[in-house]
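Inspection log for the structure reproduced underneath, given as structure tokens.
Please treat every number below as a calculation from the coordinates, not as lab data. On a predicted model such as this, the values are computed, not experimentally measured, just so you know. As a convention, Cβ positions derive from the backbone with ideal geometry for all residues, glycine included, and neighbour counts pool all protein chains shown.
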Amino acid sequence: MATYVGNQTTAYRQQSILTAPPGRLVVMLYDGCLRFLHQSAHALREGDRTTSLARMRRAEAIIDELTVTLDHERGGIIASRLQGIYLFCRRHLMEAWRANDADKIEQVASLLGELREAWAEIEGS
């Protein structure tokens, strides 16, 4: 029974992603990124660098996805500024890893959390 429920949950989640409007997808990406960043910071504080790095890499992949999907033609200066913020976040995460500094990871999460809230407000979520 647990497998059936798990499969239903996965199917529902996949369907919600496939049918979500673009703005909602952006919010979902931010949610995933924030979750991975918090997990990375927690693991780093616990001394588990392997898990921290794995979670950080997943967050970085989401930041990369947010970067490549920017529409510079329609987004103009906003798209350019978002690209700069995402680049800053990637650099800050590299510094966090080198310095073994979970607080720097949380700083990135805080910044992206503010952007997530702005997107959620725009989307009406």
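Residues of the range 37-59 that are buried (at least 20 other Cβ atoms within 10 Å of the Cβ) and within 10 Å of the chain's Cα centre (by Cα): LEU37, MET56, ALA59. For the range 100-115, taking the residues that are charged (D, E, K, R) and over 13 Å from the mean Cα position of the chain (by Cα), the one that is surrounded by the fewest Cβ atoms within 10 Å (Cβ to Cβ) is identified as ASP103.
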